[in-house]
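The values are calculated or read from the model by the stated rules, or taken from the named source; none is laboratory data. Keep in mind that this is a model prediction, so the values were computed, not measured. Note: ideal-geometry Cβ built from the backbone for every residue, glycine included; neighbour counts use all protein chains shown.
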DNA sequence: ATAGGGTTAG
């Protein structure tokens, strides 16, 4: 087709409509009109129609198939659109059939075909086949192909194969490197990822945020923050939105208050618009660090708030003990905010975690499924069991566990056992504890809870039996610790810790607060502290 | 003439 012809097409009002089309409904109308005036049979226009249905997020692959079937001689562009369309569906391997059809019709694949084809693979076996095709067609030095292969092999947990592709390739750009970093992170191999990251000669904002967010998704929060601190001192590294988002979530997770505040200041000084994602991350960060007032200020200032923003704020209020305010905010959300989702209900059920609010919890759980049509998942049952157990309503908690449609997990039994411990339901607690240890035999915290229960009733023999069991199974306990950051200095505390320079004053103050707090925790908690694993059991028996 | 890869808040 000549150049003037295409110019003619691009000036058509219908085509301009197609370019701004944003829904399938709209597209179907345009398609009908184009068919009526006889334009739909032109290759270029049909291709444009097809690309929208197949590739656009709002597209429809079945409709795309219909459009495709009406094209008498599909071009490579059309085949590529179809392969890509299918690769986004739940049946990506249909894309491979399209490729087979394409080969039968003697249409030559081009450079764009293979990255798309790699993405249409649903398993490592078909990816290997496609990889073979790629080599045969001489596209194995194309960076787009390489990065897609690395990405896909990583997705199928085949890091060896991903690395082979990486190594065999003589020219690699920053995207190929980043794919490998992301691949290792996705497979939990953060050290390998870091090695690759450090070996990169060229890093950009995407590769930096890939490494940092890889740390975060593997719960290596301190490593994420440490790397960020290095990066922010590099003049050539741009602190991108996604990098700052990842670091903020790491700061929220470990309570790195000073670092998070630094980011907040940086956002303000550099005119970042933190209307949605960044604002929500800030609310989460301040909420988890206990600065609930600052979190609320940011929340009130934000003009764009979505369901996540609201849920995060409600959750922040809940974990800071502002249960009533959280419930009020939820009411406000129901009246003027976005429609709550499953996450919102986890937050609001967490806000009911106070014995006087147990009935409110029941009401909200019912409202969630009946009014909003959200089926409860295990997290909702977990919250509900937790709040019933804390309120000492063990019978209701038991009924809920027995009637819920899924198997209770460790966290849920943990809440139940915790309730037994608080309210002195020894027999029930023993049952739950044994169940819990069976369910999660490697989880040290489960043994500690049960041991605490035995300790409350003075069955030291049982405590020691548990301890022996742990020794045999080589279960290592990590002592619980807390910290507070004052002026950039972190003060860390563990149970019975006297290493702090102001330890004497701290203990005196604690003593003033609550005498029982100290004496009651001794026999039960102290023995599990790894710093005291030499503690004589006789000392324990004497109740010292 | 039309199109493709790596990061992204609960």
Residue check, residue A:330 more than 12 Å from DNA strand B (Cβ to nearest atom) and either buried (at least 16 other Cβ atoms within 10 Å of the Cβ) or outside any helix (DSSP H, G or I) (or both): yes
Qualifying positions in the range A:276-304 - near DNA strand B (Cβ under 9 Å from one of its atoms) and in a loop (DSSP other than H, G, I, E, B): A:276
Among the numbered criteria (1) assigned to a helix (DSSP H, G or I); (2) closer than 30 Å to residue A:458 by Cα, which one does residue A:392 miss? (1)
Considering only the range A:142-165, I want to know if a residue exists there that is surrounded by fewer than 23 Cβ atoms within 10 Å (Cβ to Cβ) and at pLDDT below 95. no
Against the condition exposed (fewer than 15 other Cβ atoms within 10 Å of the Cβ), assigned to a helix (DSSP H, G or I) and not assigned by TED's automatic domain parsing to the domain that holds residue A:453, how does residue A:356 come out, does it pass? yes
Okay, helices (runs of 4 or more DSSP H) sitting entirely in the range A:130-213 with 3 or more residues that are within 11 Å of DNA strand B (Cβ to nearest atom) and out of contact with any strand residue (DSSP E or B) (no Cβ under 9 Å at 6 or more places or on another chain), I get A:143-155, A:174-186
Go through (1) in contact (Cβ under 8 Å) with a residue 24 or more places away in the chain; (2) under 27 Å from residue A:333 (Cα atoms) one by one and return the number of the condition residue A:296 breaks. (1)
Since residue A:63 meets every condition but one in (1) farther than 20 Å from residue A:18 by Cβ; (2) assigned to a helix (DSSP H, G or I); (3) away from DNA strand B (no atom under 15 Å from the Cβ), which condition does it not meet? (1)
Is the range A:244-257 home to any residue that is within 13 Å of DNA strand B (Cβ to nearest atom), surrounded by fewer than 17 Cβ atoms within 10 Å (Cβ to Cβ) and without any contact (Cβ under 8 Å) to a residue 60 or more places away in the chain? no
Go through (1) in a loop (DSSP other than H, G, I, E, B); (2) within 16 Å of residue A:148 (Cα to Cα); (3) within 13 Å of DNA strand B (Cβ to nearest atom) one by one and return the number of the condition residue A:92 breaks. (3)
What's the total number of residues in the range A:219-237 that are within 14 Å of DNA strand B (Cβ to nearest atom) and surrounded by fewer than 19 Cβ atoms within 10 Å (Cβ to Cβ)? 3
Is it the case, given these coordinates, that residue A:315 is within 16 Å of DNA strand B (Cβ to nearest atom), crowded, with 22+ Cβ neighbours inside 10 Å and over 22 Å from the mean Cα position of the chain (by Cα)? no
Would you mind stating whether residue A:435 is within 30 Å of residue A:276 (Cβ to Cβ) and part of a helix (DSSP H, G or I)? no
